[in-house]
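Participant: I'd like to ask some things about the structure below.
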Amino acid sequence: MIFAIWLALAIAVAILASNRGRSSAAWFLLSLVISPPIAGVFLLVSKNLAGAREAGPTPETHVRCPDCAELVRNEAKVCRHCGCKLVPQPPPPTNYWLGPRGDQALTILVRVAVFCLVAYVAMMIAGRV
């Protein structure tokens, strides 16, 4: 009975991973090895890749030309719209503790999930689970 529930939750994690643009087989195996709820939390905390390829220009991939204000790739040396020479811009500094976008709530959730995982493993080793 417990194995059937474990397997059903692992399948649910695999379906959720597929919907979020991740490998369903890898997340299924991961959720079998660790607890499916823990794998589900890690999956929900991870970046959603489903719409990442269709997304348009972002501040991480494009900059505005100083002459014509059109969006051009970060790696471009010359603006394709007006021919202006571009100076490569260094990427904005990221705070390691807040994540690349400064999303403090997300990193707190990751820390809580890691703490729960460590506590769960410690209880398993102690023989209480």
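Every number here is computed from the coordinates shown, using simple stated rules; none is lab data. Only a predicted model underlies this, so the values are computations on that prediction, with no experimental measurement involved. All Cβ positions, even for glycine, are placed from backbone atoms using ideal geometry, and neighbour counts span all protein chains on display.
Participant: Describe numerically, in nm with one decimal, the distance between label points set 7 Å from Cα along Cα→Cβ at residue 114 and at residue 1.
Facilitator: 3.7
Participant: Quick one: which of 65-74, 39-48, 8-17 comes out on top by average Cβ neighbours within 10 Å, and what's the full order, highest first?
Facilitator: Put in order of decreasing packing, that is 8-17, 39-48, 65-74.
Participant: Per residue of the range 64-81, in order, report the coupling 6.51 cos²θ - 1.76 cosθ + 1.60 (Karplus, θ = phi - 60°) as ³J(HN,Hα) in whole Hz, putting x for Gly and Pro.
Facilitator: Once θ is set to phi - 60°, the couplings for the range 64-81 become 8, 5, x, 8, 9, 6, 7, 7, 10, 4, 4, 7, 5, 9, 9, 5, 7, 8 Hz.
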